[in-house]
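The values are calculated or read from the model by the stated rules, or taken from the named source; none is laboratory data. All figures in this text were calculated on a predicted structure; none of them were measured in a lab. Here the Cβ positions follow ideal geometry from the backbone for every residue, glycine too, while neighbour counts run over all protein chains shown.
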Amino acid sequence: MALMDKIEDTCARFRAGEAEISRTFYSKPRPLEQHVLALRIQVAREVRNLREISLGELTEMVDRTDHGLPREDLVHELAEHYFEIRHYATLAYLLEGISGERVDWKELNVQRDTAEWTQYGRKERDCRAKWAKISPLHESAGSFNSGGAGSVAFGVIGLKGGDYEELLAEVGKIILHDEMAHGDVLGNRHPLYNLVKTDEDENKALEVIREYSTIRVHGRNYQYGNPLPKERIEAIAWGGIEPLDREALKMAYTGAMDEVEWFERYHAASKPLYSTTIKR
Ligand SMILES: [Fe+2]
């Protein structure tokens, strides 16, 4: 086995687990409150880039451009903001579209530090902070499997039903495209690839990735109102699931629409959004 193969395989199994959770959730009608919670948690996770821009991080990067900051870095940063903000915008509309609840990113930003429903997000952050203090290898491993929005997105692609399900399936494609395309287009392989040089390094990184991803998969199950039984979550955490490889993910987002078309479709649909998976 080549270096990083075990890590890639482990991540592909956790990815499949996250996709199974969202797919199971939407496989039958469930109460509105569960849909609202699932979306609210996701929207709150997508608030990060708004917060960073609001804090002036982008302004600071623009000021350093041509003064030490490579231009490529600025372009990369802007692309990431664009992607993440379109996740925020589409998901926030969907939340408003099913619930009538007005979304305010600043309120969500406060809640992510305090609300009970953000507990798993906080656990993930605490672990990553802990690893950042241990070594660059630990820190890097802690972020290796962090782009998991793509996995839950994979689980909703192909969803059919009302305006809600179809708009959600399109957001799934957009998110998956962004999570996958970002690394490829900009050629930035994850730094962990440069840090894992021996089997021992790989095993250390693997331990971190397993711990982090286990929190993630529990958090996802919580987010969707525990559609999978505890035993199934445990089996997934031990790798008892077929891996979901990157090629399958790439195939799934072909024909993704751009956000302009998505916004038009959203605004044209009557509200609350007609849905076949929400029990009203
Ligand atoms: Fe995102």
In region 104-136, which residue that is without any contact (Cβ under 8 Å) to a residue 60 or more places away in the chain and of a type in the set (S, T, Y) is nearest to L50 (Cα to Cα)?
T114
Might you let me know whether region 83-90 holds any residue that is more than 26 Å from L273 (Cβ to Cβ), among the aromatic types (F, W, Y) and assigned to a helix (DSSP H, G or I)?
no
For region 13-72, what are the residues that are among the polar types (S, T, N, Q) and either under 28 Å from E116 (Cα atoms) or surrounded by 13 or more Cβ atoms within 10 Å (Cβ to Cβ) (or both)?
S22, T24, S27, Q34, Q42, N49, S54, T65
Please state which of the following conditions G142 fails to meet, knowing it meets all the rest: (1) at pLDDT 95 or above; (2) farther than 30 Å from S275 by Cβ; (3) in a helix (DSSP H, G or I).
(1)
Surrounded by fewer than 19 Cβ atoms within 10 Å (Cβ to Cβ), of a type in the set (D, E) and not in a helix (DSSP H, G or I) - does that describe any residue in region 207-230?
no
Subset of region 30-50, residues part of a helix (DSSP H, G or I), of a type in the set (D, E, K, R) and more than 10 Å from the ligand (Cβ to nearest atom), comes to E33, R40
Selection from region 247-263 of residues part of a helix (DSSP H, G or I) and surrounded by 14 or more Cβ atoms within 10 Å (Cβ to Cβ) yields A248, L249, K250, A252, E259, W262, F263
Can you run down the residue pairs with Cβ atoms below 8 Å, 6 or more apart or on separate chains, where the first is in region 63-83 and touching a residue at least 60 places away in the same chain (Cβ under 8 Å) and the partner is of a type outside the set (A, V, I, L, M, F, W, C) and away from the ligand (no atom under 16 Å from the Cβ)?
H76/N188
Out of (1) assigned to a helix (DSSP H, G or I); (2) closer than 19 Å to R51 by Cα; (3) in contact with an Asp or Glu (Cβ under 9 Å, 6 or more places away or on another chain); (4) away from the ligand (no atom under 16 Å from the Cβ), the one G97 does not meet is (2)
Residues of region 53-80 being modelled with pLDDT of 95 or more and within 13 Å of the ligand (Cβ to nearest atom), which ones?
none
Is one or more of the residues making up region 101-116 farther than 25 Å from I215 by Cα and within 16 Å of the ligand (Cβ to nearest atom)?
yes
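Do the conditions hold for S143, that is, is it under 25 Å from R23 (Cβ atoms) and among the polar types (S, T, N, Q)?
no
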Pairs with Cβ under 6 Å, 6+ apart, first in region 165-180 and on the phi > 0 side of the Ramachandran plot, second part of a helix (DSSP H, G or I) and near the ligand (Cβ under 10 Å from one of its atoms)
none
H190 is checked against (1) within 18 Å of the chain's Cα centre (by Cα); (2) over 25 Å from I85 (Cβ atoms); (3) not in a helix (DSSP H, G or I) and fails just one. What number does that condition carry?
(2)
